[in-house]
Amino acid sequence: MLNKKICFSENLYSLKKEICTTASELLNNKSLYIMLERFCNVRSEEDTDFNTFLHIYFNDEGYVDVWRIPHLLMDLVAGNCKFHSALLNDSAFRAKFLCFFGEFYNYCVKNSELFLISNDCLVKFDTSILEIRKNQNIFNLIADTYCKVLEQLKNYREVT
């Protein structure tokens with residue numbers, strides 16, 4: 001199952017072929033971190049409430065540490081909510097994070113051109129089929145990861 005890795009280059013998002021079959025691989029890749037950082041910068045400039053959310057919940061000694069977000073996502077996917085009970089016990093955080101995560105998902109899909117196939121593929125059946133299957137696999141992985149995070153947020157019970 002070959003998938004595609006989202007890559008950031010020259011202020012444009014492009015695709016690079018890479019094996020990526022698990023949520024952990026997806027959430028651990030450097031390109032996703034870069035896209036997350038870019039998303040947070042853009043949204044913070046557009047919306048002061050978004051900036052406040054980041055400063056309240058992801059502040060590390062005076063600066064926003066967006067690199068903590070993929071670690072939270074990995075733990076949520078794995079069901080390790082106990083590591084983040086202080087955050088997850090805060091219902092305001094859960095509600096805001098749900099919106100944040102949905103916006104980030106939309107940002108990735110809109111800005112990565114993730115599911116487009118190259119012009120070379122348009123003229124060759126076998127290449128087109130393989131390219132579309134790769135896109136299908138990465139979409140399934142992203143959707144599955146997104147759903148797992150949502151399920152964990154929905155089913156989380158406060159720890160006292």
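Given axes a ≥ b ≥ c from the Cα gyration tensor, I'd like to know whether the range 41-106 is rounded (a/c under 1.5), prolate (a/b larger than b/c) or oblate.
Prolate is the answer for the range 41-106, as a/c is 1.5 or above and a/b outweighs b/c.
Could you check the simple spin-label distance between Y33 and R157, using points 7 Å along Cα→Cβ, in nm with one decimal?
Spacing of the two 7 Å Cα→Cβ label points: 3.5 nm.
Determine the dipole magnitude for the range 15-111: charges of +1 sit on the beta-carbon of Lys and Arg, -1 on that of Asp and Glu, nothing else is charged, the reference point is the Cα centre, and the result goes in debye to the nearest 20.
Computed charge dipole of the range 15-111: roughly 380 debye.
Could you list, in their original order, any pairs among K82/K134; K30/K124; K110/K148; K82/K110; K82/K148 whose Cα atoms are separated by more than 25 Å?
K82/K134; K30/K124; K82/K110
In what order, largest first, do K82, K96 sit by accessible area if the probe radius is 1.4 Å?
Result of the area sort, largest leading: K82, K96.
Pulled fully out, how much extra length does the chain show between T21 and A78, if you take 0.36 nm times their separation in residues and subtract their Cα-Cα distance?
Answer, rounded to one decimal: 19.0 nm.
Full-extension gain between W67 and D47, please, as 0.36 nm times their residue separation minus the C-alpha to C-alpha distance.
Roughly 5.2 nm would be gained on extension.
Please report, as a whole percent, how much of the solvent-accessible surface of the range 46-160 comes from carbon and sulfur atoms (probe radius 1.4 Å).
About 54 percent, which is the carbon plus sulfur part of the accessible surface.
The values are calculated or read from the model by the stated rules, or taken from the named source; none is laboratory data. Just so we're clear, the structure is a prediction, and the values are computed from it rather than from any experiment. Glycine also receives a Cβ, built like all others from the backbone with ideal geometry; neighbour counts cover every protein chain displayed. Only protein heavy atoms, including side chains, enter the accessible area calculation; ligands, DNA and RNA are left aside. Shrake-Rupley method; radii C 1.70, N 1.55, O 1.52, S 1.80 Å.
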